[in-house]
1. Identify the residue in the range 31-61 that is over 22 Å from Ala19 (Cβ atoms), of a type in the set (A, V, I, L, M, F, W, C) and surrounded by 13 or more Cβ atoms within 10 Å (Cβ to Cβ) and, among all such residues, is modelled with the highest pLDDT.
2. Mind counting the residues in the range 23-58 that are touching a residue at least 24 places away in the same chain (Cβ under 8 Å) and under 30 Å from Gly69 (Cβ atoms)?
3. Say we look at the range 62-79 and pick out the residues that are surrounded by 10 or more Cβ atoms within 10 Å (Cβ to Cβ) and of a type outside the set (A, V, I, L, M, F, W, C); which of these is farthest from the chain's Cα centre (by Cα)?
4. All but one of (1) surrounded by 13 or more Cβ atoms within 10 Å (Cβ to Cβ); (2) within 16 Å of the chain's Cα centre (by Cα) hold for Tyr26; which doesn't?
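The values are calculated or read from the model by the stated rules, or taken from the named source; none is laboratory data. Given the structure is predicted, the values throughout are model-derived calculations rather than measurements. As a convention, Cβ positions derive from the backbone with ideal geometry for all residues, glycine included, and neighbour counts pool all protein chains shown.
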Amino acid sequence: MGTKTGAMIQTVSLGLLSAILYFLLYYFNETILDWSKQGGWYFIVPISIAFIFSLVHGTFTGHFWDLLGVKAKSVKKRG
């Protein structure tokens, strides 16, 4: 399996995981809201969900653009 194939599999896997997380958030939204309303340490629930989403979706997006060959333009500072 080549490097390009491995990168493609990893990107598709992360995209699928991201889609699954969005579905689970939609499906269990009332339960998650009930937990976060309880007070105490339950405030960690939405923070944890946001962190997991950020990590998975950000990694997927980075791999996706790398796979397409899109790179950020580097700007040299004058001075």
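1. Among residues in the range 31-61 that are over 22 Å from Ala19 (Cβ atoms), of a type in the set (A, V, I, L, M, F, W, C) and surrounded by 13 or more Cβ atoms within 10 Å (Cβ to Cβ), the one modelled with the highest pLDDT is Trp35.
2. The qualifying residues number 4.
3. For the range 62-79, the residue satisfying everything is Asp66.
4. For Tyr26, the failing item is (1).
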